[in-house]
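The values are calculated or read from the model by the stated rules, or taken from the named source; none is laboratory data. Predicted model, so just to flag it, every value in this text is computed and none were measured. Heads up, the Cβs are rebuilt from the backbone with ideal geometry, glycines too, and the neighbour counts pull from every protein chain shown.
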Amino acid sequence: MKTTAITHITDLVTNDPSLDNGTPLGVIPDAAVVIGGDRVLWTGESSKAPATDNAFDAGGRTMIPGFVDSHSHLVFAGDRTQEFNARMSGRPYSAGGIRTTVAATRAAGDEELSANVARYLAEALRQGTTTMETKSGYGLTVEDEARALRIAGRHTDEVTYLGAHIVAPEYADDPAGYVGLVTGPMLDACAPHARWIDVFCERGAFDGDQARAVLTAGAAKGLRPRVHANQLGHGPGVQLAVELGAASADHCTHLTDADIDALGQSDTVATLLPGAEFSTRAAWPDARRVLAAGATVALSTDCNPGSSFTSSMPFCIALAVRDMGMTPDEALWSATAGGAAALRRTDIGRIAPGARADLVLLGAPSHVHLAYRPGVPLVEAVWQHGVRVR
Ligand code: NIG
Ligand code: FE
């Protein structure tokens, strides 16, 4: 196995809790990272780096773990430019817009959908994302949902079945019938292709009882739950996620004190999606209260054509810092280690011996520049599974 030392890293963010050096980011100044195969082998002070086969001089730049984007919806066709334009003229966001994308997605061929997923993943990679979860949810028939998951699985291991995104148009008068489909034949067809099950628990989508039925049926088939919770208003989503031991409750825009307490006392990660608040002109989630309660917070893009058409984790970090009251350190941790926690992964989201060699080099002297220099393309190099891909 050939080894490579990446040296002269002025600011190395490891997220390595074993370092215990006073910051959750486990920052090592003047650092080096040694990688071999697809793994990190060593981290430490540059002057102490062991001999390796190859060397890469980071030239005083910053290195961070590849971003872990734990929430996106990439299997779709078309876009919703007009809807966004209308919203920016004052029209409110409505989940009903999902139907537009369902029609476009059903009409698209497999190769078109697969090329779209590849395009958005490549776009995200250029901005430092090395792991991206993605969901079905724009098919809403047995065949179209299973197809979406098969296509997603060509591009990522983190695949989520979201047949319960909205009630399919064919079942508009029979929501119970649609829940029966989602928890029956559709689940049977989809479970082999997914790791996770998700439900949009929201007024206008699925209520608490329906969401519980969806998640428990999925769990019985071996899918682990995650929940679209409390995005558009208060509701039972967060409490349900905690009760069922979901890996994450996502959005968390409208939280009561009881919701925040429940998150703080659970392992369910609160995944905040500031791109959605930005693109729907909604109120910002109160990240400070969620953090103060002791909850684990992840940041993700929610990349989708309706509520958040961004694939940029640096943009989400900048929003979280500017508008959700997170510190630059908290936001970066949430966009890396937090995302890994939301996916129940320990091999990603950190730069430590044994972790996957997913590394991002920033053209900046400090990781704080991610928020300090919003909109600037700071990502200069990316290693994924130990291979330099940019
Ligand atoms: O996470 N909330 C539900 N699903 C997406 C929006 C999907 C859409 O508008 O197309 C979300 O925001
Ligand atoms: Fe979403």
Original post:
Do we find that T271 is closer than 19 Å to V214 by Cβ and in the same structural domain as A86 (by TED's automatic domain parsing) in this structure?
Top reply: yes
Original post:
Residues in the range 354-369: is at least one in the same structural domain as T81 (by TED's automatic domain parsing), in a loop (DSSP other than H, G, I, E, B) and at pLDDT 95 or above?
Top reply: no
Original post:
Within the set of pairs 6 or more residues apart or between chains, which connect a residue that is under 17 Å from Q231 (Cα atoms) inside the range 191-215 to a residue that is basic (K, R) and within 16 Å of ligand 1 (Cβ to nearest atom) with Cβ atoms less than 8 Å apart?
Top reply: D198/K135; D198/R226
Original post:
Has the range 316-326 got at least one residue that is outside any helix (DSSP H, G or I), touching a Leu at 6+ places or on another chain (Cβ under 8 Å), buried (at least 20 other Cβ atoms within 10 Å of the Cβ) and aliphatic (A, V, I, L, M)?
Top reply: yes
Subject >> Lone qualifier among T296, T216, T280, T256 - being within 12 Å of ligand 2 (Cβ to nearest atom) and surrounded by fewer than 24 Cβ atoms within 10 Å (Cβ to Cβ) >> reply: T280
Original post:
What are the pairs, 6+ residues apart or on separate chains, where a residue within the range 327-354 that is among the basic types (K, R) has its Cβ under 7 Å from a residue that is assigned to a helix (DSSP H, G or I)?
Top reply: R350/A337
Subject >> Tabulated pairs, the range 255-284, first within 14 Å of A298 (Cα to Cα), second within 13 Å of ligand 1 (Cβ to nearest atom) and among the β-branched types (V, I, T), C-beta under 8 angstrom, 6+ apart or interchain >> reply: L273/T301; G275/T301; G275/T310
**OP:** Return a yes/no flag: does the range 221-231 have any residue that is closer than 19 Å to D323 by Cα and at pLDDT 95 or above.
**Re:** yes
Original post:
Quick check, is S311 in contact (Cβ under 8 Å) with a residue 24 or more places away in the chain and not in a helix (DSSP H, G or I)?
Top reply: yes
**OP:** Could you please find all residues in the range 353-372 being within 15 Å of Q384 (Cα to Cα) and either surrounded by fewer than 20 Cβ atoms within 10 Å (Cβ to Cβ) or basic (K, R) (or both)?
**Re:** G354, R356
Original post:
If a residue has to be in contact with a Phe, Trp or Tyr (Cβ under 9 Å, 6 or more places away or on another chain) and either of a type outside the set (G, A, S) or outside any helix (DSSP H, G or I) (or both) to count, how many in the range 118-142 make the cut?
Top reply: 13
**OP:** Name every residue in the range 133-177 that is of a type in the set (A, V, I, L, M) and within 24 Å of D209 (Cβ to Cβ), in order of residue number.
**Re:** L140, V142, L162, A164, I166, V167, A168, A172, A176
**OP:** Give the residues of the range 67-109 that are assigned to a loop (DSSP other than H, G, I, E, B), among the basic types (K, R) and surrounded by 15 or more Cβ atoms within 10 Å (Cβ to Cβ), sorted by residue number.
**Re:** R80
**OP:** Please give the number of the condition A298 fails out of (1) touching a helix residue (DSSP H, G or I) at 6+ places or on another chain (Cβ under 6 Å); (2) over 21 Å from D257 (Cα atoms); (3) not in a loop (DSSP other than H, G, I, E, B).
**Re:** (2)
**OP:** For I28, state whether it is surrounded by 15 or more Cβ atoms within 10 Å (Cβ to Cβ) and in contact (Cβ under 8 Å) with a residue 40 or more places away in the chain.
**Re:** no
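Go over the candidates Y120, Y161 one by one and state the one that is buried (at least 20 other Cβ atoms within 10 Å of the Cβ), of a type in the set (F, W, Y) and more than 30 Å from L362 (Cα to Cα). Quick ask: steps written out before the conclusion?
Details: Y120 fails: more than 30 Å from L362 (Cα to Cα).
Within the list Y120, Y161, the selection yields Y161.
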